[in-house]
4 protein chains.
Amino acid sequence: MNSANRIPPGVWNAIDYERLASQAMDAGHHAYVAGGCGWDATVAANRAAFAGWAVLPRLLRDVRAGHTRLQLAGMELPHPLLLAPVAYQRLAHPDAEVATARAAQATGSCLVASTLSSCTLETIAAASGPARWFQLYLQPDRAHSLHLLRRAEAAGYRAIVLTLDASIQLASRSALQAGFSLPPDCVAANLRDYAPAPAAPLSAGESRIFQGAMRHAPLWDDLHWLLAHTRLPVWVKGVLHPEDARQLQAAGCAGLIVSNHGGRSLDGAPASLQMLPALRAAVGAGYPVLLDGGVRSGSDAFKALALGADAVLIGRLQVYALAVAGALGVAHMLQLLTEELHACMAQAGCAQLSDITHDTLTPSC
Amino acid sequence: MNSANRIPPGVWNAIDYERLASQAMDAGHHAYVAGGCGWDATVAANRAAFAGWAVLPRLLRDVRAGHTRLQLAGMELPHPLLLAPVAYQRLAHPDAEVATARAAQATGSCLVASTLSSCTLETIAAASGPARWFQLYLQPDRAHSLHLLRRAEAAGYRAIVLTLDASIQLASRSALQAGFSLPPDCVAANLRDYAPAPAAPLSAGESRIFQGAMRHAPLWDDLHWLLAHTRLPVWVKGVLHPEDARQLQAAGCAGLIVSNHGGRSLDGAPASLQMLPALRAAVGAGYPVLLDGGVRSGSDAFKALALGADAVLIGRLQVYALAVAGALGVAHMLQLLTEELHACMAQAGCAQLSDITHDTLTPSC
Amino acid sequence: MNSANRIPPGVWNAIDYERLASQAMDAGHHAYVAGGCGWDATVAANRAAFAGWAVLPRLLRDVRAGHTRLQLAGMELPHPLLLAPVAYQRLAHPDAEVATARAAQATGSCLVASTLSSCTLETIAAASGPARWFQLYLQPDRAHSLHLLRRAEAAGYRAIVLTLDASIQLASRSALQAGFSLPPDCVAANLRDYAPAPAAPLSAGESRIFQGAMRHAPLWDDLHWLLAHTRLPVWVKGVLHPEDARQLQAAGCAGLIVSNHGGRSLDGAPASLQMLPALRAAVGAGYPVLLDGGVRSGSDAFKALALGADAVLIGRLQVYALAVAGALGVAHMLQLLTEELHACMAQAGCAQLSDITHDTLTPSC
Amino acid sequence: MNSANRIPPGVWNAIDYERLASQAMDAGHHAYVAGGCGWDATVAANRAAFAGWAVLPRLLRDVRAGHTRLQLAGMELPHPLLLAPVAYQRLAHPDAEVATARAAQATGSCLVASTLSSCTLETIAAASGPARWFQLYLQPDRAHSLHLLRRAEAAGYRAIVLTLDASIQLASRSALQAGFSLPPDCVAANLRDYAPAPAAPLSAGESRIFQGAMRHAPLWDDLHWLLAHTRLPVWVKGVLHPEDARQLQAAGCAGLIVSNHGGRSLDGAPASLQMLPALRAAVGAGYPVLLDGGVRSGSDAFKALALGADAVLIGRLQVYALAVAGALGVAHMLQLLTEELHACMAQAGCAQLSDITHDTLTPSC
């Protein structure tokens, strides 16, 4: 782990942090972060989906007033790149989420803090700028969920991101093979004071999945409860099916995040980008839709926006940059991604995000 | 060969038995089991066909009462994973089919015993639970076929699986190159008392195939004879063409098994999964259709069910688990597959097998 | 070069001669035979096109009277595998075309002797059975062409195969890199007594192609002349464009051979098999259409017949078998191919060639 | 660097200069020339697009009067292969653009001299034949652009090629990794006397792309100005979008060059060849359309013409041949390409360029 907080040589693009992190990180930690679940088929699909589209350059367009500012849920953001909720950032750097938060503040980026952060949400809030959201895993005990909500509200988080696709998270084969386990200093700081759910041993014939892991999985009723118990807008993360999208929109969610949890939940789920057009079509224009999964460059972000996203979330690159160069690395990575997006927009003749329409793309041969 | 009957380290998924078996088995035996015929094009196609589909996760569904029980031909089964008929299991383990039968009994799985088993069908029946079927190769002499039928009926087998796609089985190139031949202790125990068909040398100009290997190949008349001579339901295994499916259904067969014999009959035959939707369409909803060929995970089973199968048969994984850890290995492999299926169902929002419909899938990019 | 004329170990399929020939032949000779022209893109396409189709097995069909006999242009042949015209067979074996002819005779196969054979057409005729055709390259001097025709007629050849796609034959890169050149003992024996065309140096601005190599390329007028000057049926070899096919049919040709000269004429031409359905559609049912290019197995032959060919020609495998085991090798290769075809037919439920229709195939996934 | 000006062994096709140049050139210089931008995805796409098409041979066509002459913008050219504008040719050879110009003159080829040439446009003009065009980058100061125009007119250039797709040119990763930088003796000779634009530091929040690199990027107004200030025909290079093509045609441009700057501008732009049919359709028949990007053989040129181009430009092969054998190499490369085109045409039955229609191609399987 590198805590020198300087930009090493050889970082020309944001994705260079990926390469450097594989050298900087403990092998097991790296396998855990880089891997998804199973054989990483969905991890690979997330990346491959971007290569399926080419960007069409335009000529003679005036982009001298170009910018990437956007209004998102009442926030004015300088660029459509959010920092995705990523658990246990202490695996990457001793400053953990505090470093990430400082990078978000320095670049004006919106940070989504994870329920499973190594630092408490209050500590993260203190280090971050005003653009901060809180990612929520519903707890088996609703009192704990409510307490988390109140803490997030009190700490100035401006939206709740409810993650719904992670009731089951099978390990990545590469992490298993690397013998990864969470080190003792890596704990879910936010949950330290909540007693775990009472053990409920399975009866004969019961399934470790259906009657085990899914026992406390969130249901529609839980979503309605949440919507009724917070004044914050509630986003849902993990949407891939158009019918779910329609129902979540109808239920009153503030917006959706198209995601397969970075390929960490169901190995064999489709790429986020593959499903994006159908999801945008399902909810119609104007309803907020974000995407994560596979974004490694400004061109990737451009393609996601062209296919219907309002913004994208950056997950693994965030951790890689954190591991390589701490807060400075994360800020640098975001700056590089933003400039890559600017360059792609300028060449496609787009002076603002709303110019990035579907007809800026063509399928790759 | 490993007869230690303990689960070795490194088995996280059912498919790990494949990797471990390649180390545990004699190289020639392994080549024989792993190979199909010819250049294994159909073996590869069987696997690749599953990768062509992605599973769509669903959110907020209540699967706490989830299970995989099914009624199949009058049996109540805990899961839709049958043990495919596999010849000569002594190649894999000294306990041979007895070990497999014990695993079937322990897990409540349906076992399909092969005509070409290393142990007699009576021995297998004694070791197995009530869910047992008998796979039949029609013998050149109908008296022998009838005798086998009566023995199977007497031994409590509850269905006959007539294999029709194996009149010609060319060797696998890899088995040829490994110099595989059946060892002397590996015999077709069921057939020991049946005199072989009299030699019928070919005349000049006759074909070793048409007038040789196909001389005793089953015809429609043989199927009608069989249906008339047993009180057991008769399934047909090896169906790939929709027109055959319709005719077999009309002839009174109890159900079909979509199969290319694990790629062991015609190198260049299509993947079982590729043909499944057309076969389901041919016979309509409600008629039993099973599938084998390429199933290596619970997700694979899920995909087969989504595309029209009522259940799947597990062939090579059965042998691999047997070779690695005997009866315990086979039971463990079935348990892993079942849990993988549960996990896939839970994430796709399916609480029972009938929820696994075509719209749970989307083509992979 | 191996002139031992015995079948070496390791020949289980016809295509094994390909592998063994790469060891048995001089490297340069092998590169010349195996290569096509340029980067062998069309050579590869010929092979790949076969893999694009799967064969659908059928069940319970009676093929006990199965055979592969066919009537082709007045000949009764035991199988639809002709020996393609291949130049300079002395490169492969000292017995050259005489060995090939003996294999043809022994197996009842139809031999197509090349204008560019290392032995004279009379010598080949003496060694071959009655099923022999003569492949003609029109000579710059019509008197020479006429003389070749009369010799072929006198030697009992029963058809003329006019090759039209070889006016330009650029070298294969692999043969160039291997430094191949025709050895002194390899000459076009048929042409020894014909004075070469007078030199015609190019003027400034003239093209080595248009005004050079194409100066004596055959034209429609030459075809009409040929049809008027022989009593033998005239087949045309090298057809890929449907419009050419229609015009050749209308002109009175006996039949067509779909071919790209084994990828030796235009690197980047489409696979023979790719064009076959359109060519069959162009000439209608009943008009003879053969195919060469990429056939390496009985299944390949089956697929060509299913897509519209009446028979196929075997080129490179012929040379490989000749190089490995002389006449015996060629005969053995033909026997293996035939049995492979029988096995494929039997499994597809085809008892005769006319049963091999388009619906025996399905696209590979 | 090889300045021996002799053809080395092993040059059988024009593309052999590519292989030899990788040995002859300084590694960093080679990386700069061979690379595009980013990960060279568009460089690869340019090549791959040609492999997607096969050429259909035709039989018995009379091509003895065949030629590749064409009228292009008032010039009579012997072949449709132009030398693309390539900057800084001193990187490849000490004689730089003078050598290229001599090769153009010797072969009658049209040369397009770059604004960024290592020699002045006047020096190049003196060495070249009458078929010479001048590629223009508009300068930040219109007075400089006007001066360049007047110099080009005075030096007898017959057309202006306005490059519009290079306002942003990110480095190639391979060039970055090779540590490439322009050596001191490599300067833009044409621009030596023009003072650079005054520095304009960015304010806080401004983008290095939108407010930096794009500050002086050409706009429609600049194109109109250019058309009004020169008597020469103006071509536009870098067109990929059909709507741009229509507008440029309407604005009075003489013709278009379909190009992605050899993959050097936007990594992820589509292949030139992929967009060509839509661009031809946009401007209609009869309007001049050229193409560059990926042409490495006469067959490639043939395919571009079949898909709608009137001629093609040769970029990297020009530099490679220059590096390997100076002026002689470039002339030889052009001769090889021309003969490859002749051979492809002859086999496709095309005696002149207008015979190269879309139906000479078929998609590769």
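The values are calculated or read from the model by the stated rules, or taken from the named source; none is laboratory data. Because the structure is predicted, anything quoted here is derived from the model rather than measured. A quick note on method: Cβ atoms are made from the backbone with ideal geometry, for glycine too, and the neighbour counts reach across all protein chains shown. Surface areas here come from the heavy atoms of the whole protein model, side chains and all, with no ligands, DNA or RNA. Shrake-Rupley method; radii C 1.70, N 1.55, O 1.52, S 1.80 Å.
For the reader, a short list of remarks on this structure follows.
- In the range C:153-170, residue nearest to the chain's Cα centre (by Cα) [restricted to those that are hydroxyl-bearing (Ser, Thr, Tyr) and within 14 Å of chain D (Cβ to nearest Cβ)]: C:163
- Candidates C:104, C:48, C:44 - the one that is small (Gly, Ala, Ser) and away from every other protein chain (no Cβ under 14 Å): C:104
- Residues that are farther than 20 Å from residue D:350 by Cβ and open to solvent by 100 Å² or more (accessible area, probe 1.4 Å) were ranked within the range C:200-213; the one that is nearest to the chain's Cα centre (by Cα) is C:201.
- Considering the range B:117-166, and only residues there that are of a type in the set (Phe, Trp, Tyr) and part of a loop (DSSP other than H, G, I, E, B), the residue that is nearest to residue B:82 (Cα to Cα) turns out to be B:157.
- Annotation: of all residues in the range D:271-330 being in contact with a Cys (Cβ under 7 Å, 6 or more places away or on another chain) and hydrophobic (A, V, I, L, M, F, W, C), the one that is farthest from residue D:9 (Cα to Cα) is D:271.
- Residue count, the range D:272-304 (criterion: farther than 25 Å from residue D:32 by Cβ, of a type outside the set (A, V, I, L, M) and more than 14 Å from chain A (Cβ to nearest Cβ)): 8
- A single entry from C:142, C:150, C:132 fulfils the requirement of being touching a Leu at 6+ places or on another chain (Cβ under 6 Å) and either surrounded by fewer than 18 Cβ atoms within 10 Å (Cβ to Cβ) or more than 14 Å from chain D (Cβ to nearest Cβ) (or both): C:132.
- Counting the residues of the range A:4-23 that are assigned to a helix (DSSP H, G or I), touching a residue at least 12 places away in the same chain (Cβ under 8 Å) and either crowded, with 24+ Cβ neighbours inside 10 Å or more than 22 Å from the chain's Cα centre (by Cα) (or both) gives 2.
- Those residues of the range A:171-186 which are open to solvent by 60 Å² or more (accessible area, probe 1.4 Å) and within 23 Å of the chain's Cα centre (by Cα), in sequence order: A:181, A:182
- Looking only at residues in the range D:228-271 that are hydroxyl-bearing (Ser, Thr, Tyr) and more than 9 Å from chain A (Cβ to nearest Cβ), the one that is least open to solvent (accessible area, probe 1.4 Å) is D:259.
- Residue in the range C:329-344 that is assigned to a helix (DSSP H, G or I), farther than 26 Å from residue C:20 by Cα, without any contact (Cβ under 8 Å) to a residue 60 or more places away in the chain and not small (Gly, Ala, Ser) present: no
- Residue C:45 being open to solvent by less than 30 Å² (accessible area, probe 1.4 Å), of a type in the set (A, V, I, L, M, F, W, C) and touching a helix residue (DSSP H, G or I) at 6+ places or on another chain (Cβ under 8 Å): no
- Residue B:204 vs. criteria more than 9 Å from chain C (Cβ to nearest Cβ), out of contact with any strand residue (DSSP E or B) (no Cβ under 8 Å at 6 or more places or on another chain) and either more than 20 Å from residue B:313 (Cα to Cα) or at pLDDT below 95 (or both): yes
- The number of residues in the range C:207-227 being facing chain D (nearest Cβ under 7 Å), in a helix (DSSP H, G or I) and of a type in the set (A, V, I, L, M) comes to 2.
- Yes/no for residue A:193 being open to solvent by 40 Å² or more (accessible area, probe 1.4 Å), free of Cβ contacts under 8 Å to residues at least 40 places away in the same chain, among the acidic types (Asp, Glu) and assigned to a loop (DSSP other than H, G, I, E, B): yes
- Residues being within 14 Å of chain D (Cβ to nearest Cβ), surrounded by fewer than 18 Cβ atoms within 10 Å (Cβ to Cβ) and not in a loop (DSSP other than H, G, I, E, B) - total across the range A:62-81: 1
- Among the residues of the range B:320-345, the ones that are open to solvent by 10 Å² or more (accessible area, probe 1.4 Å) and hydrophobic (A, V, I, L, M, F, W, C) come to 4 in all.
- Among the residues of the range A:82-111, those identified as under 20 Å from residue A:297 (Cα atoms), assigned to a loop (DSSP other than H, G, I, E, B) and open to solvent by 10 Å² or more (accessible area, probe 1.4 Å) are A:85, A:86, A:108.
- Single match in D:232, D:248, D:240, D:226 (criterion: modelled with pLDDT of 95 or more, farther than 14 Å from residue A:64 by Cβ and in contact with a Pro (Cβ under 7 Å, 6 or more places away or on another chain)): D:240
- Within the range B:345-365, being away from chain A (no Cβ under 11 Å) and either in a strand (DSSP E or B) or in contact with a strand residue (DSSP E or B) (Cβ under 7 Å, 6 or more places away or on another chain) (or both) holds for one residue alone: B:353.
- Highlighted here are the strands (runs of 3 or more DSSP E) found entirely within the range D:252-320 that include at least 3 residues which are touching a residue at least 40 places away in the same chain (Cβ under 8 Å) and of a type in the set (A, V, I, L, M): D:311-314.
- Considering the range C:50-61, the residues that are closer than 18 Å to residue B:215 by Cβ and not hydrophobic (A, V, I, L, M, F, W, C) include one that is least open to solvent (accessible area, probe 1.4 Å), namely C:58.
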